[in-house]
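A short write-up of the structure that comes next.
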Amino acid sequence: MLSRRSFFKTAGLGAAVAATASLPTELLSWAEPQRAPQPGGPILLNSNENAYGPLPSVLAMKDPFQDANRYPDKGYDKLIERIAAMHNVKADQVTLGCGSTEILKMAASAFTGPGKKLVMASPTFEAIEFYARAANAEVVKVPLAASYSHQLVQMAEAVGKNGGLIYVCNPNNPTASVTPRRSLEIFIRNLPPDTYVLMDEAYHDFVPVAADYISFLSTPIDPDRVIVARTFSKIYGMAGLRLGYAVTSARNSKAMAAHKLEDSTNILALRAGITSLANDDEHQTAVLRNGFDRDEFQRQAALRKLQVIPSWTNFVMFNTQRPIRTVIDYFKNNNIRIGRPFPPMDTFARVSLGKPEEMKAFWQVWDKMVANK
Ligand SMILES: Cc1ncc(COP(=O)(O)O)c(C=O)c1O
């Protein structure tokens, strides 16, 4: 979908990120908008969920509550084995979590702490920051580059001599952009001692085949240092069921497991996860459908001459050329939730892709807003 050239053509746009101005405090205190759908409630384009729901085979599971009266060990082991086989690793290299959020929490607890740092981009997915702070680690934020990729050299330098964890969200939330594989490889080879990398691949499945992106599960490097996180919340549409996993070395898995809540993954999620992984065709359909929705968004945006950051995900970010808070409020008053502000990108909207009729409503509201101002 996206050539390397067109990806880097966005460099000019990214100046807004690199040149971080002072952040309006009102943006920082902006609360997460409502996430749970309600009957007749707002159109939810705010949390990068999968608007289409779980795969058909999951919805058709014959007895969804089978074994719900038992502790989930059997399902846990079965899913671990399935994931290990899929990624060609040993079972003791896989850890399951209550969403990939629990993976982030376990990694922050295992690899940061007093005297150690968490280094992350800005803006990026923020959850891990709070877990690292709870572990009494110092948190260092490095602005994204003008191309919206991670500034890896600066991130490696920021870790310091005591080591810690570097969080790389690839593709990145909220910018929907990727950090080129080649730069990541050089970065990993040159990491300082006692430094780990959490490669968050939550949006992996949405990335079109492209030279700039190869998953660290497809072609792993240095599993003693790299922890790859994946989730069932996005392509598999299971955000409400809470299931994610990590793949790393057996030693790292053990270190992370020490911080895991016992039985944090429930039997329904485990069975839905196993069923999801058994259905490649449905997965492929979900990927294609997202590509179609993303292309259509791009087409609509181009018609309106909007500058969209090329998206590798199930959401898009674009420059509204207006204070983002007024845009969010306008959509909210028209029954549509879009993503919160992401300082310092204070004119950019993050919009999760919805179903075609939802996106039609989105563009109607957009056009009304533009016509009114
Ligand atoms: C980059 C990234 N990582 C992790 C998560 C957490 O997902 P979950 O805990 O549902 O797996 C999200 C959710 O939006 C995300 O955007």
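At a glance:
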| item | result |
| --- | --- |
| Residue count, region 127-154 (criterion: over 21 Å from Val207 (Cα atoms) and within 16 Å of the ligand (Cβ to nearest atom)) | 7 |
| One residue from Lys332, Lys373 being modelled with pLDDT of 95 or more, more than 18 Å from the chain's Cα centre (by Cα) and surrounded by fewer than 18 Cβ atoms within 10 Å (Cβ to Cβ) | Lys332 |
| Yes/no for Pro180 being assigned by TED's automatic domain parsing to the domain that holds Cys98, out of contact with any helix residue (DSSP H, G or I) (no Cβ under 6 Å at 6 or more places or on another chain), under 23 Å from Leu96 (Cβ atoms) and away from the ligand (no atom under 11 Å from the Cβ) | no |
| Qualifying position, being open to solvent by less than 60 Å² (accessible area, probe 1.4 Å) and over 26 Å from Ile103 (Cα atoms), among Ile274, Ile309, Ile267, Ile235 | Ile309 |
| Phe318 being of a type in the set (Phe, Trp, Tyr) and surrounded by fewer than 21 Cβ atoms within 10 Å (Cβ to Cβ) | no |
| Residues of region 242-255 that turn out to be near the ligand (Cβ under 9 Å from one of its atoms) and over 15 Å from Met199 (Cβ atoms), as a count | 2 |
| Count - residues of region 203-241 that are within 14 Å of the ligand (Cβ to nearest atom) and under 16 Å from Met106 (Cβ atoms) | 5 |
| Check on Ala302, over 19 Å from the mean Cα position of the chain (by Cα) and closer than 30 Å to Asp67 by Cα | no |
| Qualifying residue in region 239-252 (condition: in the same structural domain as Asp63 (by TED's automatic domain parsing), of a type outside the set (A, V, I, L, M), farther than 22 Å from Phe216 by Cα and crowded, with 17+ Cβ neighbours inside 10 Å) | yes |
| Residues of region 212-232 satisfying the condition of being within 14 Å of Val89 (Cβ to Cβ) and of a type in the set (D, E, K, R) | Asp222, Asp224, Arg230 |
| Of residues in region 79-93 being surrounded by fewer than 24 Cβ atoms within 10 Å (Cβ to Cβ) and either closer than 21 Å to Gly240 by Cα or aromatic (Phe, Trp, Tyr) (or both), the one nearest to the ligand (Cβ to nearest atom) | Ile83 |
| Region 277-299, residues that are open to solvent by 30 Å² or more (accessible area, probe 1.4 Å), in contact (Cβ under 8 Å) with a residue 40 or more places away in the chain and farther than 30 Å from Ile80 by Cα | Asp295, Glu296 |
| Failed item in (1) of a type in the set (S, T, N, Q); (2) within 11 Å of the ligand (Cβ to nearest atom); (3) open to solvent by 10 Å² or more (accessible area, probe 1.4 Å), with Thr124 passing the rest | (3) |
| So Leu96, is it in a strand (DSSP E or B), within 16 Å of the ligand (Cβ to nearest atom) and open to solvent by less than 20 Å² (accessible area, probe 1.4 Å) | yes |
| Region 159-190, residues that are open to solvent by less than 20 Å² (accessible area, probe 1.4 Å) and either more than 19 Å from Ala229 (Cα to Cα) or charged (D, E, K, R) (or both) | Val159, Gly163, Arg181 |
| Complete set of residues in region 59-78 that are open to solvent by 80 Å² or more (accessible area, probe 1.4 Å) and either over 19 Å from Gly244 (Cβ atoms) or within 14 Å of the ligand (Cβ to nearest atom) (or both) | Leu59, Lys62, Phe65, Gln66, Asn69, Arg70, Tyr71, Lys74 |
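Rundown of residues vs (1) under 15 Å from Cys169 (Cα atoms); (2) free of Cβ contacts under 8 Å to residues at least 40 places away in the same chain; (3) in contact with a Pro (Cβ under 8 Å, 6 or more places away or on another chain), yes/no style:
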residue	(1), (2), (3)
Phe206	yes, no, yes
Leu217	yes, no, no
Val226	yes, yes, yes
Lys234	yes, no, no
Met238	no, no, yes
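The values are calculated or read from the model by the stated rules, or taken from the named source; none is laboratory data. Keep in mind that this is a model prediction, so the values were computed, not measured. All Cβ positions, even for glycine, are placed from backbone atoms using ideal geometry, and neighbour counts span all protein chains on display. Just the protein is used for accessible areas: all its heavy atoms, side chains included, with ligands, DNA and RNA removed. Shrake-Rupley method; radii C 1.70, N 1.55, O 1.52, S 1.80 Å.
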